Amino acid sequence: MTGQTLSSRLATRWPLLQAPMAGAQDSAMALAVSGAGGLGALPCAMLAPDALRRELQTLAASGLPYNVNWFCHPPPAPDAAREAAWRAALKPYFDELGLDPEAVPGGPGRAPFSREAAELMAEFRPPVVSFHFGLPAPELLTRVKSWGAFVLSSATTVREALWLQEHGADAIIAQGLEAGGHRGHFLSDDLSEQMGTFTLLPQVVAAVRVPVIAAGGIASAAGVRAAQALGAAGVQVGTAYLCADEALTTPAHRAALHSEAARHTVITNLVTGRPARGMVNRVMRELGPISPAPSAFPLATAAMAYLRAAAEKQGRHDFTHWWSGQNASGCRAAPAADITRALAQGFA
């Protein structure tokens, strides 16, 4: 499938996808990108049902194409011993801030795709649905496809790409090691199997029959052209949108993206319990960035979020996670529509 054919299937002017960025955007970003000719995305893993319904109503009323994104990780079984070990690892920081580890609120922080989510989405029939960490159970995927949705999912290895093709993905997002936020791997936790975008991309293109969308490190029209030269039918861009006018990125995060801090990102499991790329902070330097201590994803989130909130009240960012890919050079304060059009020049 060519870029033009993919655009036709997505009902967009260009095969340019805005990466879903939970916590850093809402439907305003998605609508701005879609209105400019790309495909905006709504991240759903952190949305309560009422909020999700409001966002879907807004997107559906626009008449524009859009992508609804979900995590599909298996919910972890509660493990009191592991949670106790995680809080023990963080105890020096709790003590430093005068906090009681036992006061950490519960809750997973991020919800996987479920039957209830499928029922809600069926009311709106989103045209594109994407998944991270594989695909949902076959009966849920069948429900999504029953209203004609085009299904995308992320692969970080050739083996994952082949698995996604076999299990019903209509297109594959080849997520390179440069990408910010959570790694999409699901067949192996071995990070040594992960590859950069322009190493992974041509191998996935050669291995599968479905269209391949390149993601990771693409921040300019030149990057878009390079991805196409290696066989990508489209591209997905996240970090370059983090400073867009419509982004929910905090002032501190925006400032960091324009500083030397953005030049040093790491993959860490300290924030949620699952590897994700972001800028280095104090706790990553002292405990990790990859550690055996955190609770299973996404249960580790609760304790770290508690520390983060307390420190930020004191004006400190020791525990603040600022997600970013390795290439923040495209970050600029501008309307998302302008950023979209500048990236799309790579399709000319």
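When the residues of region 294-316 are narrowed to those that are touching a His at 6+ places or on another chain (Cβ under 9 Å) and surrounded by fewer than 23 Cβ atoms within 10 Å (Cβ to Cβ), which ends up farthest from Gly238 (Cα to Cα)?
Applying the first criterion (touching a His at 6+ places or on another chain (Cβ under 9 Å)) to region 294-316 yields 297-298, 304, 308, 311.
Narrowing further to those that are surrounded by fewer than 23 Cβ atoms within 10 Å (Cβ to Cβ): 308, 311.
Numbers: Arg308: 24, Ala311: 27 Å.
My answer is Ala311.
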(message) Of everything in region 10-49, what is outside any loop (DSSP other than H, G, I, E, B), at pLDDT 95 or above and either surrounded by fewer than 19 Cβ atoms within 10 Å (Cβ to Cβ) or more than 17 Å from the chain's Cα centre (by Cα) (or both)? Give them in sequence order.
(response) Leu10, Ala28, Leu31, Ala32, Ser34, Gly35
(message) Being farther than 24 Å from Glu139 by Cα and without any contact (Cβ under 8 Å) to a residue 12 or more places away in the chain: is that true of Arg54 here?
(response) yes
(request) Return yes when Ala103 is closer than 13 Å to Ala300 by Cα and touching a residue at least 24 places away in the same chain (Cβ under 8 Å) and no when it is not. (result) no
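Within region 278-293, which residues are in contact (Cβ under 8 Å) with a residue 12 or more places away in the chain and either out of contact with any Asp or Glu (no Cβ under 9 Å at 6 or more places or on another chain) or surrounded by fewer than 23 Cβ atoms within 10 Å (Cβ to Cβ) (or both)? Lay out the reasoning, then the answer.
Pass one, region 278-293, residues in contact (Cβ under 8 Å) with a residue 12 or more places away in the chain: 278-284, 287-291, 293.
Once the filter is applied, which keeps residues that are in contact (Cβ under 8 Å) with a residue 12 or more places away in the chain and either out of contact with any Asp or Glu (no Cβ under 9 Å at 6 or more places or on another chain) or surrounded by fewer than 23 Cβ atoms within 10 Å (Cβ to Cβ) (or both), region 278-293 yields Gly278, Met279, Val280, Arg282, Met284, Leu287, Gly288, Pro289, Ile290, Ser291, Ala293.
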(message) Return the residues of region 168-197 that are assigned to a helix (DSSP H, G or I) and surrounded by 23 or more Cβ atoms within 10 Å (Cβ to Cβ); say none if nothing qualifies.
(response) Thr197
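Just one of Pro136, Pro127, Pro105 is touching a Cys at 6+ places or on another chain (Cβ under 6 Å) and within 30 Å of Arg53 (Cα to Cα); which is it? Step through it out loud before you land on a result.
Working: Pro127 fails: touching a Cys at 6+ places or on another chain (Cβ under 6 Å); Pro105 fails: touching a Cys at 6+ places or on another chain (Cβ under 6 Å).
On inspection, the qualifying residue turns out to be Pro136.
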(message) Let me spell it out: the conditions are (1) in contact with a helix residue (DSSP H, G or I) (Cβ under 8 Å, 6 or more places away or on another chain); (2) at pLDDT below 95, and Gly180 meets all of them except one. Which number is the exception?
(response) (2)
(request) Identify all residues within region 59-86 that are of a type in the set (A, V, I, L, M), out of contact with any strand residue (DSSP E or B) (no Cβ under 9 Å at 6 or more places or on another chain) and within 17 Å of Ala30 (Cβ to Cβ); write none if there are none. (result) Ala61
(request) Can you work out which of the residues in region 251-267 that are among the hydrophobic types (A, V, I, L, M, F, W, C) and modelled with pLDDT of 95 or more is nearest to Ser291 (Cα to Cα)? (result) Ile267
(message) Could you tell me how many of the residues in region 74-107 are of a type outside the set (Phe, Trp, Tyr) and under 20 Å from Pro292 (Cβ atoms)?
(response) 19
(message) Restricting to region 228-266, give me the number of residues that are surrounded by fewer than 17 Cβ atoms within 10 Å (Cβ to Cβ) and within 17 Å of the chain's Cα centre (by Cα).
(response) 1
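Per-residue answers, yes or no, for (1) in a loop (DSSP other than H, G, I, E, B); (2) modelled with pLDDT of 95 or more; (3) closer than 16 Å to Leu242 by Cβ:
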residue	(1), (2), (3)
Arg308	no, yes, no
Asp318	yes, yes, no
Cys331	yes, yes, yes
Ile339	no, yes, yes
Ala342	no, yes, yes
Gln345	no, yes, no
(request) Give the residue, chosen from Arg225, Arg209, that is surrounded by fewer than 23 Cβ atoms within 10 Å (Cβ to Cβ), among the charged types (D, E, K, R), out of contact with any Gly (no Cβ under 6 Å at 6 or more places or on another chain) and at pLDDT 95 or above. (result) Arg209
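The values are calculated or read from the model by the stated rules, or taken from the named source; none is laboratory data. What you are looking at is a predicted structure, and each value in this text was computed from that prediction instead of being measured. No Cβ is skipped: glycine too gets one built from the backbone with ideal geometry, and neighbour counts run over all protein chains shown.
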